[in-house]
Structure formats: structure tokens, C-alpha cells
Amino acid sequence: MTTQETIDLFDKYVIANYPRLPRVIVKGQGCYMFDADGSKILDMFPGWAVSAIGHCHPKVVEAIRSQAGRLLHIDNTFYSEPQGKLARLLSERAFGGKCFFCNSGAEANEAALKLARLHTSQQKYKFITAEGSFHGRTFATLTATAQPKHHEGLLPLLPGFVYVPFNDIAALESVFSDEVAAVMVEPIQGEGGINIATEDYLQAIRRLCDENGALMILDEVTTGIGRTGKWFGYQHFGVEPDIMTMAKALGGGVAIGAMMAKEEIAASLVPGKHASTFGGNALACAAAVATIEAIEEENLLENAAQLGQYTKDKLGQLKQKHHIIDHVRGIGLMIGVQLTSPGAEIVDKCLEKGLRINCTNDTVLRFMPPMIVTKSQIDQAVDILDNILTE
Ligand SMILES: *Cc1c(COP(=O)(O)O)cnc(C)c1O
């Protein structure tokens with residue numbers, strides 16, 4: 001099929017809810033993707049951070065092949081080995097909690113919100129979330145997403161949600177009460193523009209939750225599974241959440257989400273209260289097990305930490321040359337370049353030159369390279385950006 005033939009199919013048969021770039025991607029390999037016209041694209045935003053150990057990592061592909069030949073799916077009426085193994089791997093790398101599996105970030109957050117309501121008392125119905133957050137597109141997670149632009153046309157939303165400015169401890173204290181079931185935040189806001197939580201802020205959330213019998217939920221859908229150079233974002237901040245969600249990088253490219261909760265809280269999710277037909281299926285869990293093993297075998301946490309610093313430094317050097325760059329921020333391989341004017345055109349021009357990055361919140365260029373990225377690939381990406389900014 002030609003590129004145009006594929007686009008025609010979409011025009012006729014696929015709902016146009018995404019602004020799509022006019023490329024048909026037919027292959028992915030490591031830090032590169034290839035389109036139907038034969039272009040090779042250096043991918044610094046692989047699948048919106050899903051393909052975090054690179055496209056089609058051989059270990060993940062092999063695990064999928066092998067699992068697919070034995071058992072694709074078995075419903076949660078039964079036990080299956082990959083789900084149990086995956087839960088142990090995650091628990092041991094986090095705070096020793098128990099897992100519930102689903103298929104996406106929004107579903108993981110839905111599960112977290114429901115568990116918080118189920119675990120706390122009836123009078124506790126409020127959720128506090130932060131402005132600039134992104135928690136998903138289902139009604140509850142959309143309501144949790146404290147950005148009016150995402151709410152337009154969809155009101156009224158779920159009751160009980162209270163929004164506060166991110167990183168503002170006084171604001172948090174002023175809305176806290178014994179009616180709060182949980183606070184949910186991202187350790188680093190992604191879609192909101194790579195806004196890093198301060199250690200004080202996360203610790204204040206922990207303290208206020210403890211004082212008020214509320215739960216601390218961290219949305220680690222993007223920060224989880226190594227992107228920041230540690231398994232989970234919270235591990236940079238000296239706090240532990242009660243509930244944590246993850247998804248994007250977890251399956252190495254396969255759809256899977258997970259919620260982890262401390263054991264005594266997890267106990268409130270009794271049979272009948274929540275479920276997911278596809279959640280924890282053998283194929284997705286086998287892919288996730290392989291992803292975690294690959295991260296360990298190839299020291300990718302260390303690579304994410306080192307190459308993240310390298311990328312930040314390189315991008316920071318561009319600031320001297322290009323006044324459009326205000327500053328660079330991020331942890332590990334979750335990096336934002338704050339511009340002084342909108343960046344959408346820069347993203348398009350980068351793609352023309354064979355580099356994929358992203359722009360969020362109008363003026364923040366996002367670099368989220370695969371954790372297998374090399375220095376020379378970073379150099380190449382920064383050179384392309386440098387050339388485009390010079391033009
Ligand atoms: C992507 C994202 C979500 C939503 O995940 P989906 O898989 O698209 O439902 C939720 N929270 C954060 C922090 C995300 O980055």
C-alpha cells in the first residue's frame with residue numbers, strides 16, 4: 001500500500017480524533033522507526049514513551065513469540081504464571097505492594113481511585129489533584145486531570161474532585177480535610193510540561209495524607225519502569241505512596257497497565273469490586289516480564305540516568321546560541337526544553353529532517369528517548385535541533 005492509500009483508509013474509516021502526521025510507520029527497530037516511503041526516523045519520543053527500551057526489543061519480541069505459542073489469554077477465573085511473575089518483579093522493585101493488572105494508564109488510575117474510595121470511609125469522597133496534571137481520558141481520570149481544556153464539552157464531570165496548583169504546599173493544606181479520600185499527583189508532570197515535583201511537596205502530601213487518614217496515589221504511568229533512571233519516579237524523593245500506577249513502558253510496546261497498593265490497602269479490593277477482562281493476560285505479562293529483565297540485564301536504569309544528564313547538558317548548551325530556549329529541565333530521560341514561544345513548527349521541521357520529538361503545553365519540547373539510546377544518537381538529535389533553530 002502507498003502512504004496515500006493508507007491515509008485514504010483512515011479518512012474514510014477511522015475516526016479523526018487524533019491530529020496525525022502524514023507518515024505511515026511500517027517498522028520500528030531500537031531508536032529508529034521507518035515509514036512506508038523508506039524514511040528512517042530517529043525516535044526521541046517512541047510511542048509517547050511506550051517503547052521505552054526501544055522499538056521491538058529482541059528479548060520482548062522473543063518472549064511474545066514464545067508465550068503466543070503456548071497461551072495468549074486466560075481469564076482471571078484462573079491463575080497464570082506470567083501474571084504472578086510480573087507482580088513479584090514489580091513488587092520487589094517498588095514498595096512491596098500487591099498488583100492489579102489492566103491495559104492502560106487511565107484504567108490503572110481508575111482502579112486507584114476506586115480502591116481509595118473502597119478503602120477509606122463513606123464520608124471520604126474527595127480527591128485532590130494538581131493543576132497541569134494528566135491522568136487519562138475516562139470520565140474519572142479526565143476529572144482528575146486538572147486542565148480545563150480537556151474538560152470542554154464534557155461537563156458535568158464526576159463530583160468530589162478538588163484542584164490545587166502543583167508544588168504549592170499552602171494551597172494543599174488549605175483544601176485538606178477529613179473528607180479527602182486521596183491525593184493523586186505525578187512525580188513529574190509529563191503532558192503538563194515536564195514539571196518536577198519538589199521533594200518538600202511530595203513529603204507534604206505524605207504528611208497531610210497521614211494526618212487526615214487519606215491515601216497518597218502517585219501516577220507513575222510515564223515516570224515508572226525506569227525512564228527517570230530509577231525504577232519509579234518516587235524513588236528520587238524519599239517518600240513512598242500508598243498506591244501507584246504504571247503503564248506506558250511496562251509492556252515494552254504491548255498494552256498493559258498496573259496498579260500497585262500496599263498490602264493492607266490492596267485487601268479492600270475484594271472479589272466483585274473491580275475487574276478487567278484482558279487485565280493481566282498471559283501475552284502482555286510475558287512481554288512485561290521480558291521488559292523488566294531486559295532493563296536489568298542491559299543496565300538500562302544506569303544508562304537512562306547517565307544519558308539523561310548528557311542530553312540535558314547538550315540541550316542546555318543550545319541555550320547560549322538560541323534565544324528561543326529558556327531552560328532545560330527533567331530527570332533521567334524525561335526531558336523538557338522550555339521555549340519562549342510555541343514549538344509545534346519546530347517539531348514538524350525536526351520530523352522532516354528525520355528526528356521525532358514532541359511539543360506539549362505549547363512551548364515545551366519533549367525529549368523522551370528510549371533507555372537504550374547512545375551518545376551518538378543524542379548528538380545527532382541535538383545537531384538536527386540546532387540546525388533547525390539556526391534556520
Ligand atoms: C499517558 C498517561 C496516562 C494515560 O494513559 P493511557 O494509557 O493513555 O490511558 C495517565 N497518566 C499519565 C501520567 C500519563 O502520562
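The values are calculated or read from the model by the stated rules, or taken from the named source; none is laboratory data. What you see is a predicted model, and the numbers here were worked out from it, not measured in a lab. Because the Cβ atoms are built from the backbone with ideal geometry, glycine has one as well, and the counts that use them run over all protein chains shown. Remember, those area values only see protein heavy atoms, side chains included, never the ligands or the DNA or RNA. Shrake-Rupley method; radii C 1.70, N 1.55, O 1.52, S 1.80 Å.
Points worth noting:
- Within region 104-130, the set of residues being in contact with a strand residue (DSSP E or B) (Cβ under 6 Å, 6 or more places away or on another chain), within 14 Å of the ligand (Cβ to nearest atom) and open to solvent by 20 Å² or more (accessible area, probe 1.4 Å) comprises Ser104, Glu107.
- Answer residue from region 351-363, given it is more than 14 Å from Ile325 (Cβ to Cβ) and either among the charged types (D, E, K, R) or without any contact (Cβ under 8 Å) to a residue 60 or more places away in the chain (or both) and is surrounded by the most Cβ atoms within 10 Å (Cβ to Cβ) among those: Arg356
- Restricting region 39-60 to residues that are touching an Asp or Glu at 6+ places or on another chain (Cβ under 8 Å) and open to solvent by 10 Å² or more (accessible area, probe 1.4 Å), the residue that is nearest to the ligand (Cβ to nearest atom): Ser51
- Residue within region 207-216 that is outside any loop (DSSP other than H, G, I, E, B), within 16 Å of the ligand (Cβ to nearest atom), crowded, with 22+ Cβ neighbours inside 10 Å and hydrophobic (A, V, I, L, M, F, W, C) present: yes
- Test for Phe134: is it within 15 Å of the ligand (Cβ to nearest atom), in a strand (DSSP E or B), at pLDDT 95 or above and surrounded by 21 or more Cβ atoms within 10 Å (Cβ to Cβ): no
- With respect to the stated conditions, Tyr310 fails to be closer than 30 Å to Val180 by Cβ, modelled with pLDDT of 95 or more and part of a helix (DSSP H, G or I).
- If you go through region 244-295 and keep only what is under 27 Å from Phe45 (Cα atoms) and part of a strand (DSSP E or B), you end up with Met244, Thr245, Met246, Gly252, Val254, Gly257, Ala258, Met259, Met260.
- Count - residues of region 364-377 that are closer than 10 Å to Leu42 by Cβ and crowded, with 24+ Cβ neighbours inside 10 Å: 2
- Residues in region 137-158 that are surrounded by fewer than 24 Cβ atoms within 10 Å (Cβ to Cβ) and either in a loop (DSSP other than H, G, I, E, B) or modelled with pLDDT under 95 (or both): Arg137, Thr138, Gln147, Glu152, Gly153, Leu154, Leu155, Pro156, Leu157, Leu158.
- Taking the criterion of being out of contact with any Asp or Glu (no Cβ under 8 Å at 6 or more places or on another chain) and surrounded by 24 or more Cβ atoms within 10 Å (Cβ to Cβ), the residues of region 260-285 that qualify are Met260, Gly280, Asn281, Ala284, Cys285.
- Lone qualifier among Asn17, Asn76 - being in contact (Cβ under 8 Å) with a residue 60 or more places away in the chain, open to solvent by 80 Å² or more (accessible area, probe 1.4 Å) and among the polar types (S, T, N, Q): Asn76
- Residue in region 159-177 that is farthest from the chain's Cα centre (by Cα), counting only those that are in a loop (DSSP other than H, G, I, E, B) and buried (at least 16 other Cβ atoms within 10 Å of the Cβ): Phe176
- Matching residues in region 217-246 - criterion: being open to solvent by 20 Å² or more (accessible area, probe 1.4 Å) and of a type in the set (Asp, Glu): Glu240
- Checking region 286-298 against the condition returns a match, with at least one residue being surrounded by fewer than 17 Cβ atoms within 10 Å (Cβ to Cβ) and over 20 Å from the mean Cα position of the chain (by Cα).
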